Structures are given as structure tokens and as C-alpha cells.
């Protein structure tokens, strides 16, 4: 769900939240660990936060400009696709 938030710290702030379901908590954990190390530079005014629930990865963006939001989301989705393809290629992760 995407929304425009007018009453916040920044005027004309954009917000986007997505939830990506996974078959297991283990896969959510792998995706979170794989995607968390890449912090985005704050020069574009975009803030991204990741969190995990039982079987889903939640990602929330706040941005001052729609363009910077679009670039950040596009980059994240590319990385997410790579993580998911890698997990599919190597099969169900072993429990440790």
C-alpha cells in the first residue's frame, strides 16, 4: 500500500509498506539478514526499515521525493529477487 502523508516531519512525504510472504520463518530470517546490511545513503531523503514477522518480511519506506522512493524500491526489489532466486536454487534451508 502506498500513501501520501502530509502531516509529518517533512512536507510532501511519501510512504510505502510492503509485506513479502515466505514459506518459513527460516527463509524470512535469511532474507532479512541478506538485505539488512545494505543501508542506503541518506542524501536522497529516503528511509528504509526492515522487520520480520512469523512468515513475512515487512519493508517500509519514507521519502521526501517520489523519484527517490521509486529508485530505492526498485533497487530493493532487484536484491529481493536475487535472494529469492538463490534460495530456490539451493532448496529449503537446513535448520541449524
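Considering only residues that are out of contact with any strand residue (DSSP E or B) (no Cβ under 7 Å at 6 or more places or on another chain) and either in a loop (DSSP other than H, G, I, E, B) or within 10 Å of residue 54 (Cβ to Cβ) (or both), which ones fall in segment 17-32?
Result: 23, 24, 25.
Report yes if some residue within segment 24-32 is closer than 12 Å to residue 59 by Cα, within 11 Å of the chain's Cα centre (by Cα) and at pLDDT 65 or above; otherwise report no.
yes
Looking at segment 55-96 only, could you name the residues that are assigned to a strand (DSSP E or B), surrounded by fewer than 17 Cβ atoms within 10 Å (Cβ to Cβ) and without any contact (Cβ under 8 Å) to a residue 40 or more places away in the chain?
The answer is 56, and nothing else.
Just the residues that are touching a strand residue (DSSP E or B) at 6+ places or on another chain (Cβ under 9 Å), modelled with pLDDT of 65 or more and either under 20 Å from residue 68 (Cα atoms) or in a helix (DSSP H, G or I) (or both), please, taken from segment 33-54.
Answer for segment 33-54, where residues must be touching a strand residue (DSSP E or B) at 6+ places or on another chain (Cβ under 9 Å), modelled with pLDDT of 65 or more and either under 20 Å from residue 68 (Cα atoms) or in a helix (DSSP H, G or I) (or both): 35, 36, 39, 44, 45, 46, 47, 48, 49, 50.
The values are calculated or read from the model by the stated rules, or taken from the named source; none is laboratory data. The structure displayed is predicted, hence computed values, not measured ones. Heads up, the Cβs are rebuilt from the backbone with ideal geometry, glycines too, and the neighbour counts pull from every protein chain shown.
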